[in-house]
Amino acid sequence: MLNIRQFLLLLWSFLQRWNLGCGFFWLLFCRGEDKVMQPPEDVVAAEGDTVTLDCTFQTTDPSPYLFWYKQDGTSRPQFILSRVKGDKGKTEDEFKERFSSTLNSTMKSAPLKIQELQLSDSAVYYCALRPTVTGSSRSAH
């Protein structure tokens, strides 16, 4: 069973995917004019290729903090990396070799680059500005 935090993260990810985030549930998710945009179309590539997934954002925060997540099948979103400025931030160990991103605060973008594609990379990828989810992390009953 999902706890409330997981549910809100999934809901936010769905809303972000379709650029609906700040139009719905504004009090829960949006700070000022913060917005993340990802192209809605699928990316098709072959094993061994390199792909770049676009992510642009609008924020009033002078030091934006951007996160990338991977969600495959019915599993919950999995943290890949975060970027604070340039390529500074944290990358989960299992993604360090092939996944990278650089936050460009001037262009307001942080594309995710995946090298040497593998079949296991097939998933939905989400980018999000901090805070990604706010509220209680207690389980919903």
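The values are calculated or read from the model by the stated rules, or taken from the named source; none is laboratory data. This one's a predicted model, so the numbers in the text were calculated from it and none came from an experiment. Cβ: placed from backbone, ideal geometry, glycine included. Neighbour counts: every protein chain shown. The accessibility values were calculated without ligands, DNA or RNA, using every heavy atom of the protein model including side chains. Shrake-Rupley method; radii C 1.70, N 1.55, O 1.52, S 1.80 Å.
Can you tell me the order of 53-66, 33-46 when each peptide is scored by its average per-residue count of other Cβ atoms within 10 angstrom, highest first?
Details: 53-66: 16.1, 33-46: 12.7.
Answer by packing, highest mean first, reads 53-66, 33-46.
What is the sum of charges around SER109, taking Lys and Arg as +1, Asp and Glu as -1, for the other residues whose C-beta is under 14 Å from the C-beta of SER109?
+3
Compute the FRET efficiency between THR74 and VAL51 as 1/(1 + (r/R0)^6), taking r as their Cβ-Cβ distance and R0 = 30 Å, and round to the nearest 0.05. Write down the numbers at each step before the final one.
Values: r = 23 Å, r/R0 = 0.78.
Rounded to the nearest 0.05, the efficiency is 0.80.
With a 1.4 Å probe and all protein chains left in place, how much accessible area per residue does the stretch 35-128 have, in Å²? Mind showing how you got there, number by number?
Numbers: 5460 Å² over 94 residues.
The answer is 58 Å² per residue.
Please give the length that would be gained between VAL124 and ASP61 if that part of the chain were fully extended, namely 0.36 nm times their separation in residues minus their C-alpha to C-alpha distance (nm, one decimal).
Details: separation 63, 0.36 × 63 = 22.68 nm, distance 2.65 nm.
20.0 nm is the gain from fully extending VAL124 to ASP61.
Does the stretch 35-128 classify as rounded, prolate or oblate by the C-alpha gyration tensor (a ≥ b ≥ c root eigenvalues; a/c under 1.5 gives rounded; else a/b over b/c gives prolate, otherwise oblate)?
On the way: a/c = 1.69, a/b = 1.55, b/c = 1.09.
In terms of gyration-tensor shape, prolate.
Just to check I understand the Karplus step: with θ = phi - 60° and J = 6.51 cos²θ - 1.76 cosθ + 1.60, what whole-Hz values come out for the stretch 86-91, glycine and proline as x?
Couplings: x, 9, 7, x, 10, 10 Hz.
Using r as the Cβ-Cβ distance of GLU94 and GLU33, and R0 as 41 Å, what FRET efficiency do you calculate, to the nearest 0.05?
Numbers: r = 34 Å, r/R0 = 0.84.
Calculated value: 0.75.
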